[in-house]
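Asker: Got a structure for you, questions after.
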Amino acid sequence: ADKVWKQMNREGVTVARCTVERLMGQLGLRGVRRGKVVRTTVSDANAPCPLDRVNRQFKAERPNQLWVSDFTYVSTWQGWLYVAFVVDVFARRIVGWRVSGSMTTDFVLDALEQALYARQPERDGELTHHSDRGSQYVSIRYTERLAEAGIEPVDSTLQVSQFANQI
């Protein structure tokens, strides 16, 4: 829409950018996007996953009540980098994070370890951990570490990154 709007203005057609965007949407027109799409969530529908007890209600009444985890990717000159993060919903603060060149369980586990070290949550089962169904988050090592720390896992079939956009 931006390029079409600029071209129309160069040709002397005065129109608002939002109008161009709206009309292109109505006509089903989209610009070409460069680069590859990176798929970060590879879920197995047959794999057992914890229930989603959060139900898209990302609210907490105290610190260390609900943590949300996900990772995203960043394009660099050297290739893709992946950034994992753990967010305390009450504080709306990243409490653990890691950067890696690959999407392994180790790198999301390291982000969890940093969060556990930084926040020192009680092992009373009052902390809930929410993530998507990515293979890293439903792996045996990750779920075992959550259990060792006394954290109750929940999952979502939707991307947790939608929550991150709210922060």
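The values are calculated or read from the model by the stated rules, or taken from the named source; none is laboratory data. Here the structure is a predicted model, which is why all the values come from computation and not from measurement. Neighbour counts run over all protein chains shown; Cβ positions are idealised from the backbone, glycine included. For accessibility, only protein heavy atoms count, side chains too; no ligands or nucleic acids. Shrake-Rupley method; radii C 1.70, N 1.55, O 1.52, S 1.80 Å.
Asker: I'd like the full set of residues that are over 10 Å from the mean Cα position of the chain (by Cα) and open to solvent by 30 Å² or more (accessible area, probe 1.4 Å), limited to the range 66-78.
Answerer: Selection gives 74, 75, 76, 77, 78.
Asker: Looking at the range 125-150 only, could you name the residues that are closer than 16 Å to residue 90 by Cβ, open to solvent by 10 Å² or more (accessible area, probe 1.4 Å) and either over 20 Å from the mean Cα position of the chain (by Cα) or modelled with pLDDT of 85 or more (or both)?
Answerer: Once the filter is applied, which keeps residues that are closer than 16 Å to residue 90 by Cβ, open to solvent by 10 Å² or more (accessible area, probe 1.4 Å) and either over 20 Å from the mean Cα position of the chain (by Cα) or modelled with pLDDT of 85 or more (or both), the range 125-150 yields only 126.
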